[in-house]
Amino acid sequence: MEYRRLPHSNLEVSELCLGTMTWGEQNTQSEAFSQLDFAIGQGINFIDTAEMYPVPPKAETQGATERILGNYLKKAGNRDNLVIATKVAAPGGKGDYIRPNMALDWRNLHEAVDSSLERLQIDTIDLYQVHWPDRNTNFFGELSYQQIDENEKLTPIIDTLEALAALQKEGKIRYIGVSNETPWGLMKYLQLAEKHNLPRVVSVQNPYNLLNRSFEVGMAEISHREEVPLLAYSPLAFGALSGKYLDDQWPEGARLTLFKRFARYTGSQVALDATKAYVELAREFKLSPAQMSLAFVNSRKFVGSNIIGATNLEQLKENIDSINTSISPELMARLDELAQVYRLPCP
């Protein structure tokens, strides 16, 4: 396992990060503990969660994932060996039940951090991320940007940064990151932080996989030149790139079998055709489709860590073993050829 320092921080994170959003919905606490034991035993030191988790989000389970992780940290006593990241929910996204009058302002951020710290049973969050923007923009795969010039409800980014600065000064968070951000949003965070001597964003957590390379269009150059590495989520496209949903297969207990609402990577014929092409390419090169897909993400220089998730230990082992899979120049050329045939099938 390799470890990478996130620039402008002293956080040394494993090249793979353990995602947690199934805990409390598809996984029990006992299963989550087993995942943590195995992942940490394989060298993973980076754990990512969110106040909204588990997914799909709902009031009845909100906060369960953080609570499970907190119970583990208390039991295992290894918190100091781990980098713990979580996220604050913004308005919209069907999460307004979390707090009244949701916003990314001082009150909401302080309430969110205090609640996360209590559930996690820790004193400080290593990386605190804004889960999605608090303004009218496109995220979670949306297209057709809608311009709103009057009466737009938003929290100015400067207000969010000032609230995060206060939390950092109080010692409740160490570093900040953004998630599901746009090029404009990331640059605005950086610009305001430099101008007003406020906390600098050290990471951006956006989707990135073979079916969705949109990060390369507007964000990769910012990530490189401004030293804000990507924490890549959905590297297997909700599991679709394993090939398990091809030919109208719906494995029992799988996420997309249980929750049909998640159709981002299976909801169009071009998505299915692209997935099949990548799966067949992996098999041609005698590789596991899942490991090839993860190894591709691992190989990108702008990626700080690749966030993997699993619902059982067999999947987790295969995912972690991706660090032992290399993308040869020949395979990369073939992957890029397919990327031209299927241009951003699932943005």
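The single condition among (1) of a type in the set (D, E, K, R); (2) assigned to a loop (DSSP other than H, G, I, E, B); (3) touching a Phe, Trp or Tyr at 6+ places or on another chain (Cβ under 8 Å) that residue 152 does not satisfy is (3). Scanning the range 75-97 for residues that are closer than 21 Å to residue 29 by Cβ and not hydroxyl-bearing (Ser, Thr, Tyr) turns up 75, 76, 77, 78, 79, 81, 82, 84, 85, 87. Taken over the range 133-153, the criterion of being of a type outside the set (A, V, I, L, M, F, W, C) and either in contact with a strand residue (DSSP E or B) (Cβ under 6 Å, 6 or more places away or on another chain) or more than 17 Å from residue 103 (Cβ to Cβ) (or both) is satisfied by 138, 141, 142, 144, 145, 146, 147, 149, 150.
Filtering the range 311-347 down to residues that are part of a helix (DSSP H, G or I), under 28 Å from residue 65 (Cβ atoms) and not hydrophobic (A, V, I, L, M, F, W, C), which residue is most open to solvent (accessible area, probe 1.4 Å)? Step through it out loud before you land on a result.
Filtering the range 311-347 down to residues part of a helix (DSSP H, G or I) leaves 313-324, 329-341.
Then keep just the ones that are under 28 Å from residue 65 (Cβ atoms); that gives 313-323.
Pick out the ones that are also not hydrophobic (A, V, I, L, M, F, W, C) and you get 314-315, 317-319, 321-322.
Working: 314: 152, 315: 54, 317: 103, 318: 71, 319: 8, 321: 46, 322: 1 Å².
It comes out as 314.
Residue check: is residue 252 under 30 Å from residue 41 (Cβ atoms) and of a type in the set (Asp, Glu)? Spell out the reasoning first.
Values: under 30 Å from residue 41 (Cβ atoms): yes; of a type in the set (Asp, Glu): yes.
When the stated conditions are applied, residue 252 passes them.
Out of everything in the range 260-302 that is touching a strand residue (DSSP E or B) at 6+ places or on another chain (Cβ under 9 Å) and open to solvent by 10 Å² or more (accessible area, probe 1.4 Å), what residue ends up being modelled with the lowest pLDDT? Filtering first and then ranking leaves 264. Confirm whether residue 174 is basic (Lys, Arg) and in contact with a strand residue (DSSP E or B) (Cβ under 8 Å, 6 or more places away or on another chain). In short, yes. When you look at residue 18, is it open to solvent by less than 30 Å² (accessible area, probe 1.4 Å) and over 21 Å from residue 122 (Cα atoms), yes or no? Considered against the rule, which asks whether it is open to solvent by less than 30 Å² (accessible area, probe 1.4 Å) and over 21 Å from residue 122 (Cα atoms), residue 18 comes out as no.
Return the total of residues in the range 290-310 being part of a loop (DSSP other than H, G, I, E, B) and either more than 10 Å from residue 232 (Cβ to Cβ) or not basic (Lys, Arg) (or both).
From the range 290-310, those part of a loop (DSSP other than H, G, I, E, B) are 300-302, 309-310; that's our starting set.
The next check asks that each one be either more than 10 Å from residue 232 (Cβ to Cβ) or not basic (Lys, Arg) (or both); those that pass are 301-302, 309-310.
Residues meeting the conditions: 4.
Within the range 134-162, residues that are over 15 Å from residue 92 (Cα atoms) and in contact (Cβ under 8 Å) with a residue 24 or more places away in the chain sit with their Cβ atoms under 8 Å from residues that are open to solvent by 60 Å² or more (accessible area, probe 1.4 Å) and among the hydrophobic types (A, V, I, L, M, F, W, C), at 6+ positions apart or across chains, in these pairs: 159/106; 162/106. Looking only at residues in the range 12-45 that are among the charged types (D, E, K, R) and in a loop (DSSP other than H, G, I, E, B), the one that is nearest to residue 71 (Cα to Cα) is 25.
The values are calculated or read from the model by the stated rules, or taken from the named source; none is laboratory data. Predicted, not measured: the structure shown is a model, and the values here were computed from it. Cβ: placed from backbone, ideal geometry, glycine included. Neighbour counts: every protein chain shown. SASA here: full protein model, heavy atoms, side chains in, ligands and nucleic acids out. Shrake-Rupley method; radii C 1.70, N 1.55, O 1.52, S 1.80 Å.
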